[in-house]
1. I need the peptides 230-236, 262-268 ranked by packing, meaning the mean over residues of other C-beta atoms within 10 angstrom, with the highest value on top.
2. Cross-link list K92/K142; K122/K142; K171/K215; K204/K286; K226/K286: which exceed 23 angstrom alpha carbon to alpha carbon?
3. To one decimal place, what Kirkwood hydrodynamic radius in Å is obtained for the stretch 197-309 from all pairs of distinct Cα atoms?
4. Explain nothing, just compute: Karplus ³J(HN,Hα) = 6.51 cos²θ - 1.76 cosθ + 1.60, θ = phi - 60°, for every residue of the stretch 34-42 in order, whole Hz, x for Gly and Pro.
5. Specify whether the C-alpha gyration tensor of the chain places it in the rounded, prolate or oblate class, a ≥ b ≥ c being the square roots of the eigenvalues: rounded for a/c under 1.5, otherwise prolate if a/b is larger than b/c and oblate if not.
6. Using the Karplus curve 6.51 cos²θ - 1.76 cosθ + 1.60 with θ = phi - 60°, work out ³J(HN,Hα) for each residue of the stretch 242-248 in order, rounded to whole Hz, and write x for Gly and Pro.
7. I'd like the FRET efficiency for D229 and F277, computed as 1/(1 + (r/R0)^6) with the beta carbon distance as r and R0 of 30 Å, rounded to 0.05.
8. Give me, ordered by chain and number, the residues 5 or more places off I269 or on other chains with an amide H under 5 Å from its own placed amide H.
Amino acid sequence: MTCSSDIDENIDERFDRLDANEDGYFDFNEFLFADVCAVALRRDRFNEIDRDLTDSIDWKEWELHSMQVDMKRRRRTLHENRMMFKFLDRNKSNKLEAREIRRYVRYRRCNPTNISKYLASKGTTGLAFHEFDKFTYVVPNKMFPLGRRNRTTPKVPYYGPGNCEKPESHKMEFHRLDTNRDRKISFTEYLYFERCPILRHRRKFIRMDRNHDKKIDIHEFRYYYKERDLFWKNVYDMRMNSIVHRYDQNNDMHLDGVELRNYLLHRDIDPMNLDRFLRGNVMSPKVFADWEETLPNALFPAFPKVPKRS
């Protein structure tokens, strides 16, 4: 399936694609299908979870998939901890001493003051790998708080309204996605799985919904994209003006042949045909912006790259 960034469609054609019911507006559920590439990726993931090909995910399929994800995440974390252990174990004793553990605690931006007290409570002078692996999951804590001072307390994460990073169990995830409580997750419900992207899409939807009726009509859709295109046009014009100002030696906000030659050489583009192209004229910032988008081309090719000597 083609990504939305590669689809050559105007604003009206995109609105018609989102308006699946052809009733003149679309709601938030239809708005989630705006990015065709993201929807295709989620469809592939949905089909991988849907083992019995019923176009819905029950709890057993979801639990099996979640266990596989946890297993892959655990293997990746175990590999990272093993590499970290080898890096910290400078004397190759297969055990991390107090000073080596202190380096890791500082790497985690925690206070390492209580290292000796922690090892004494364990009745050991160092940590083997399996002990270090367990240790990585409990830092930061009250004994090793965030910050360099003892009075620093660990940060309490904020899980209020609008926060999308609150930890969830697999059962909580399934219950959150099963909105109609039929003990199955459809593809439309599965699109709500990633909470942070959904939160960003909802904020964008609210900005587009100017009359706050939880629906987007063609006029609101056109207004949003017209305003967005104007914003990026202003940003692009400011960037082009800054480039013109950088190479403009006589401060007339126009680029002549010498100034354009310096610009092309800075971009490693051959300026051999510049005089024939300009014919004694100069470029305004607007003309320069349109011309700059076509570089390099057949008239102004890029210099061949010289391979570096090994």
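Nothing in this text is a laboratory measurement; each read-out follows from the coordinates by a stated rule. Small disclaimer: the values here were computed from a predicted structure and weren't measured. Heads up, the Cβs are rebuilt from the backbone with ideal geometry, glycines too, and the neighbour counts pull from every protein chain shown.
1. Ranked by mean Cβ neighbours within 10 Å, highest first: 262-268, 230-236.
2. Working: K92/K142 30 Å; K122/K142 16 Å; K171/K215 32 Å; K204/K286 31 Å; K226/K286 20 Å.
K92/K142; K171/K215; K204/K286, as the Cα separations exceed 23 Å there.
3. Result for the stretch 197-309, one decimal place: 17.4 Å.
4. Each residue's phi maps through the Karplus curve to give 5, 8, 5, 5, 5, 5, 5, 5, 5 Hz.
5. Verdict is oblate for the chain.
6. These are the phi-based 3J(HN,Hα) values: 5, 5, 4, 5, 5, 9, 7 Hz.
7. So the FRET efficiency works out to roughly 0.55.
8. When sequence neighbours closer than 5 places are left aside, the close amide H contacts are F303.
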